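The values are calculated or read from the model by the stated rules, or taken from the named source; none is laboratory data. If you're wondering where the values come from, they're calculated on a predicted model, not measured in any experiment. Note that we place each Cβ from the backbone using ideal geometry, even for glycine, and neighbour counts take in every protein chain shown. Calculation scope for accessible area: heavy atoms of the full protein, side chains included, ligands and nucleic acids excluded. Shrake-Rupley method; radii C 1.70, N 1.55, O 1.52, S 1.80 Å.
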Amino acid sequence: MSTRIPATLLPGDGIGPEIVDATLAALDALGAPFEWERRVAGLAGVHAEGDPLPAAALESIRRTRLALKGPLETPSGGGYRSSNVRLREEFQLYANLRPARTLVPGGRFDKIDLVVVRENLEGLYIGHEHYVPIDGDPHAVAMATGINTRQGSRRLLEFAFETAVATGRKKVSIVHKANIMKALTGIFLETGLDLYERRYKGKFELDTVIIDACAMKLVLNPWQFDMLVTTNLFGDILSDLVAGLVGGLGMAPGANIGADAAIFEAVHGSAPDIAGKGIANPVALMLAAALMLDHVKLPDLAARLRRGIDETLNLDKVRTGDLGGSAGTEAFTKALVARIANG
Ligand code: NAI
C-alpha cells in the first residue's frame, strides 16, 4: 500500500452526499490511499456555522491542498457569495480542466474524446460591473470590464500545453475572439502562440479558432478537435457544450487546478429535484475522482476506475435513469464495486 494521502472531503448538498458515498465505495474498492478529512460546506455549512464555506473547510484544504467536493448550493438571498467562486479565488484555482469522453455509445455523437481547458479567474468574470443611470432610469447603461493578464494567460496556457504533452494529445486549439476583442482576447492568443513557438513546437499541433466558428465546428464535426484552451467566459460555455456531446451533466467531471490546491468535482449541481431519491448518477463525480487519482500520480488506479465504469455501463448494462437505465445509485455502485474487485 502506498503512503496515505490526506485529502479534504466536502459531501455538499442535495444529491452530494449520495454520489460522494458512491464514489467513496468505488475508491475503497480500488484501495485508493486517501485519508479523508470530512468537512461541511454549502447549505450544510450555513446550518452548522452560518457560512456556506466555513473556516474549518478552508483550513483543511489549505493544509491538504487536495479536495473532492459534492455540489454546493449557494443560498439565494442573505448576501452569500458563491462558494465555488470563493474557492477559486482563495486557492487561485486558475485552470478548469474538463475532459469529455463518450462512455455510452449510440448517442448523437459517438467516440468523442475531447478536453476543454478554461481559464478560471480572469476575463469577463472578474465581476467589475456597473450601471450608469440616465434620466431616471437606474439601468440605462450596463458596463462590464474584462481583465486578462499576460501572466494569468501564460500560466493557464502552460498548464494546458503540459497536460497535452503528458496525456499525448495530438492537437491543441486556442479559442479566441481576437478579431473583435483585440486586446482582451488578443493577449491570450498572442501569449499562446509565443509560448508554443518557444517551448512546445513539434510536441503537438497548434491551431487557432474563433469562438463562434468553434461552436459551429463542434456541432458539425467535433472529432476535428482534441484539446480546446480558452478564456473564462468562452470556456464556461464551450465546456457545457462539450458535456452535451457526451450525454450531459451526469457524465461530466471537472478539475480546478491552482497554485495552492486542486479541487475535483462533478460539473453538475445539487439536483434538488432528485435529492434523497437514490436515483442520481454518480459517474460524473467518480470520473472527477479518477482525475484526482491522475493528479496524485496514481494513473493505474485512475485507469482501473475508468475501466470499471465503462464495463458497468456497457458490459453489465447497469445504468441510471438519466442514461435510459433503471438502476438506482446504489445498484450502479454495487455493480461497479464488483467489476473493480474482479478487474
Ligand atoms: P443541477 O445540475 O443541479 O440540475 C440540472 C438537472 O440535471 C436537474 O434536472 C437534475 O436532476 C439533473 N442532474 C444533475 N446532476 C445529475 C446526476 N448526477 N444524475 C442525474 N440527474 C442529474 O442544476 P441546477 O438545478 O441549476 O442547480 C441546483 C443547485 O446546484 C443550485 O443551488 C446551484 O447553485 C448549485 N450548483 C452547484 C454547482 C457546484 O457546486 N459545482 C454547479 C452547478 C450548480
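Structure data summary
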read-out	value
Calculated FRET efficiency for the pair residue 179/residue 149, C-beta based, R₀ 25 Å, to 0.05	0.75
Unit charges on C-beta of K, R, D, E only; dipole of the chain, Debye	1080 debye
Inter-site label distance for residue 59 and residue 240 at 7 Å from Cα along Cβ, in nm	3.7 nm
Chain lengthening between residue 38 and residue 108 when straightened (0.36 nm per residue, less Cα-Cα)	21.3 nm
Restricting the stretch 260-343 to trypsin sites (Lys or Arg not before Pro) in coil, as DSSP defines it, with at most 14 other Cβ within 10 Å	277, 297, 317
Solvent-accessible surface (1.4 angstrom probe) belonging to residue 135, in square angstrom, nearest 10	150 Å²
Extended-chain gain in nm, criterion 0.36 nm per residue less alpha-carbon gap, residue 90 and residue 167	24.9 nm
Whole-Å distance, taken between Cα centres, linking the stretch 52-87 and the stretch 246-304	16 Å
DSSP-loop trypsin sites (Lys or Arg not before Pro) across the stretch 167-259, with at most 15 other Cβ within 10 angstrom	170, 182, 203
Helical mean residue ellipticity (222 nm; -39500 (n - 2.57) per DSSP H run of 4+; nearest 500) of the chain	-12000 deg cm²/dmol
Restricting the stretch 94-161 to trypsin sites (Lys or Arg not before Pro) in coil, as DSSP defines it, with at most 15 other Cβ within 10 Å	108, 111
Interchain or long-range residues, amide H under 5 Å from residue 228's placed H	115, 116, 117, 173
Longest to shortest principal axis, alpha-carbon extents of the stretch 213-339, angstrom	41, 33, 30
